[in-house]
1. Residues to consider are Asp168, Asp143, Asp93, Asp173; find the one that is closer than 14 Å to Thr39 by Cβ, over 14 Å from the mean Cα position of the chain (by Cα) and open to solvent by 20 Å² or more (accessible area, probe 1.4 Å).
2. Which of the residues belonging to the stretch 61-88 are touching a residue at least 40 places away in the same chain (Cβ under 8 Å), among the aliphatic types (A, V, I, L, M) and either part of a strand (DSSP E or B) or in contact with an Asp or Glu (Cβ under 6 Å, 6 or more places away or on another chain) (or both)?
3. Here are some conditions: (1) under 16 Å from the mean Cα position of the chain (by Cα); (2) buried (at least 19 other Cβ atoms within 10 Å of the Cβ). Leu131 meets all but one. Which one does it not meet?
4. From the set of residues in the stretch 21-53 that are without any contact (Cβ under 8 Å) to a residue 24 or more places away in the chain and not basic (Lys, Arg), which is farthest from Leu106 (Cα to Cα)?
5. Only one of Leu131, Leu148 is in contact with a His (Cβ under 9 Å, 6 or more places away or on another chain), aliphatic (A, V, I, L, M) and not in a strand (DSSP E or B). Can you tell me which?
6. Out of everything in the stretch 62-83 that is modelled with pLDDT of 95 or more and aliphatic (A, V, I, L, M), what residue ends up being farthest from Thr170 (Cα to Cα)?
7. Can you name the residue in the stretch 103-128 that is of a type in the set (S, T, N, Q) and within 20 Å of Gly37 (Cα to Cα) and is also surrounded by the most Cβ atoms within 10 Å (Cβ to Cβ) among such residues?
8. For the stretch 151-185: of the residues being in contact (Cβ under 8 Å) with a residue 40 or more places away in the chain and either part of a helix (DSSP H, G or I) or in contact with a Cys (Cβ under 7 Å, 6 or more places away or on another chain) (or both), which is nearest to Ser85 (Cα to Cα)?
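The values are calculated or read from the model by the stated rules, or taken from the named source; none is laboratory data. Every value quoted in this text rests on a predicted model; they were computed, and no experiment measured them. For neighbour counting, all protein chains shown are included, and Cβ atoms are generated from backbone atoms with ideal geometry for every residue, glycine included. Note: accessible area is taken over every heavy atom of the protein model, side chains too, but ligands, DNA and RNA are not part of it. Shrake-Rupley method; radii C 1.70, N 1.55, O 1.52, S 1.80 Å.
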Amino acid sequence: MKIRKEIALRSGETLLLRSLGPKDAEETIRVCRRAAGETNFMMRYEDEWTVTPEKEREILAQMENAPKSLMIGAFVGGHLVGVGSFQLAHPGDRARHRAGLGISILRSHWGKGIGTAMMRVMIDAAKTTALEQLELDVVSTNDAAIALYERVGFVEYGRHPRMMKYRDGTYADTILMMLDLRRES
């Protein structure tokens, strides 16, 4: 699936949202690794982003050609500042109506409307497929992300206690959220 959209941000900057392809592999790894080091809200630590550029190119090529998957980059001033994606939750026939969704944005670009724009573009793209439901999980203390997801229509349907265990021995719960695309059409 291919996406390309320009959006004016509140700051006056132009946000380019476009599908990521194999040529974006190194930059995608760099941004995901950096974002993971800037927050405890992601599933991996910065040093756990060990995917090779070759493997990332393969992943991006597969997603580019999959009818129910999308990986987009958020570019400001020509620089990649965020990554978002959705892909099938499970390849079996019984789950082909569902996709998992996630975004990450560099901390220096939080609060600019980039997350909202990314979510809306991905939701619109998902509506063009046979997907019926988008799902995500979010750390229960990530108030800004929860507010964003609710604003674009996601609702809580459960919780996963102690989903993450940090290296200091503390835990974080996650909230399970979904968006029924059948209602959004």
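1. The match here is Asp143.
2. Listed by number, the residues that qualify are Leu70, Met71, Ile72, Ala74, Val76, Leu80, Val81, Val83.
3. (1)
4. Thr52
5. The unique qualifying residue is Leu131.
6. Val76
7. Only one residue tops the list, namely Ser104.
8. Selected residue: Leu181.
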